[in-house]
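Q: What follows is a single structure, and I will ask about it in a moment.
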Amino acid sequence: METLILSGNETSKKIRAEIAGRIKETGIVPSLAVVLVGSDPASAVYVRNKEKACEKTGIRAINHHLPDDTDAATLRNLLMGLDSDPSVDGILLQLPLPAHLDEKDFLPLISAEKDVDGFHPINQGKLLTGEDALFSCTPNGVIQILKHFGVEISGKHAVVLGRSNIVGKPMMSLLLRENATVTVCHSKTADLEKHVATADILIVALGKRGIVKSSWIRPETVVVDVGIHRLDDGSVAGDLEQSELMGRVKALTPVPGGVGPMTITMLLHNTLKAAEKNRQ
Ligand code: NAP
C-alpha cells in the first residue's frame, strides 16, 4: 500500500505564502511581542524559529528576552504593559518558565484578543461553543494539514489520544466542528487498542513513545503523529514507530516535517487575525 505523506512543510508553505500575501495586500503589519524568560536552549531555538518565521511573512516580532533570575513583578509589569499597548497585536509567552515562576500567574495577564497561542479560557470556551476565536495552534495545524490533502473529516470516526489543554481537548473541539465523531482517550482509558482499531482518523498526542503498537492501527486509517522526541542519536521522532507505518496505513504525518512546522504557521495565522481585529 502506498502511504500518502501528509506534509506539514508543504501545507505550511502554502499558508505562510497566503499570510504574506494578505499582509502585502492590506498593508496591515501585525506585531507580535515574544517574551522569553531564561536561557533554556530548546526554548531559545523555538523562539528564534518563531521570530524568523515572523520576519519572513512580514510580521513584526518585538523581542523581550529576560534573564533567568527575572522576578515575578518584572514579568507581570512587562505583560501588563504589552497587553495595554494598542500597537501590540499578539503576545507570546514562551513556556516553560523558569521554576520560580508559575505560568498560571502570568498567562491570565494576556487578554483573549492578544492570546495568539489560543490558550485563554475565553478562546478555548468559544472554540467549544462554536464561535470564532484564536484557536490553539497545534490542533488547528492538524486540521489544516488534513484539509490541504483532501482528507474527509465529516462523518468519520476520529480517535484522539491525549487530553491536554493545548493539544487533545482543542483537537476534539476542532474535529467536532468539522463534523467528525470523536473519541478522546487518556491514561485512564481502558483498552486503548480497541479504540485505536476503530479510528478512521487517529491523532496521537501522548508525549510518549512505545504506547501505541503499529499492529493496532488498521490500514484504512489516516494517522497524525503529534509527538516530538529527541532520540539519543540526535534524531527527531514522533510518538509512533513511523518506519513500521510507512506502506501500511492510508496516510501519515511525518516527524519531522509534519505537525511541527504547522504550529508556528498557525501562530502567524493567529497574529494576523488578531491584528486585523485590532485595527477594525
Ligand atoms: P501532555 O500534556 O503530557 O499530555 C499527554 C496526554 O497523553 C495526557 O492527556 C495523558 O493522559 C495521555 N497519556 C499519557 N500516557 C498515556 C497512556 N499510556 N495511555 C493513554 N494516554 C496517555 O502532552 P501535550 O502537551 O499534549 O503533548 C503531546 C505530545 O505532542 C508531546 O510529545 C509534545 O512534545 C508534542 N507536541 C508537539 C507539538 C508540535 O508542534 N508538533 C506541539 C505541542 C505538543 P492524562 O490526561 O490522563 O494524564
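The values are calculated or read from the model by the stated rules, or taken from the named source; none is laboratory data. What you see is a predicted model; the values in this text were computed from it and never measured. As a convention, Cβ positions derive from the backbone with ideal geometry for all residues, glycine included, and neighbour counts pool all protein chains shown. Side chains are part of the model used for accessible areas, which takes the heavy atoms of the whole protein and leaves out ligands, DNA and RNA. Shrake-Rupley method; radii C 1.70, N 1.55, O 1.52, S 1.80 Å.
Q: Where Rh is the Kirkwood radius over the Cα pairs of the chain, the temperature 25 °C and the viscosity 0.890 mPa s, what D in µm²/s does Stokes-Einstein return?
A: The Stokes-Einstein estimate is 126 µm²/s.
Q: Taking the radius of gyration and the Kirkwood hydrodynamic radius from Cα positions alone, what is the Rg/Rh ratio for segment 113-186, to two decimal places?
A: Rg/Rh: 0.95.
Q: Follow-up question, since we're still on this one. Projected area of segment 133-280, taken from the Cα convex hull and averaged over every viewing direction, in nm²?
A: The directionally averaged projection comes out at 9.4 nm².
Q: Hey, another quick one. Which whole-number percentage describes the relative contact order of segment 66-209, with Cα contacts under 8 Å and a sequence gap of 6 or more?
A: Over segment 66-209, the number comes to 18 percent.
Q: In whole Å, what is the distance between the alpha-carbon centres of segment 5-20 and segment 190-264?
A: Answer, in whole Å: 21.
Q: So what J values fall out for segment 153-158 if you push phi through Karplus, 6.51 cos²θ - 1.76 cosθ + 1.60 with θ = phi - 60°, rounded to Hz, Gly and Pro as x?
A: Rounded to whole hertz, the list is 9, 4, x, 8, 8, 9.
Q: Take the Cα gyration tensor of segment 27-112, multiply each eigenvalue by 5, square-root it, and list the three semi-axes largest first, rounded to whole angstrom.
A: So the equivalent ellipsoid measures 21, 17, 9 Å along its semi-axes.
Q: Something else: When only Cα pairs under 8 Å and 6 or more residues apart are kept, what is the percent relative contact order across the chain?
A: After rounding, I find 24 percent.
Q: Okay, helix-only estimate at 222 nm for the chain: each DSSP H run of n ≥ 4 adds -39500 (n - 2.57), divide by all residues, round to 500 deg cm²/dmol; what do you get?
A: Value at 222 nm, helices only, nearest 500: -12500 deg cm²/dmol.
Q: How big is the dipole moment of the chain about its Cα centre under a simple scheme where the beta carbon of each Lys and Arg is +1, that of each Asp and Glu is -1, and everything else is neutral? Debye, nearest 20, please.
A: 600
Q: Where the only charges are on Cβ atoms (+1 Lys, Arg; -1 Asp, Glu), what is the dipole of segment 78-220 about its Cα centre, to the nearest 20 debye?
A: Using Cβ point charges on Lys, Arg, Asp and Glu, segment 78-220 gives about 800 debye.
Q: Could I ask something else about it? Could you provide, to the nearest whole Å², the per residue accessible area of the chain with probe 1.4 Å?
A: 48
Q: Same structure again: Which aspartates and glutamates have a Cα less than 16 Å from the Cα of K194, not counting those fewer than 8 places away in the same chain?
A: Filter leaves E220.
Q: Carbon and sulfur atoms: what percent of the 1.4 Å accessible area of the chain do they account for?
A: 53
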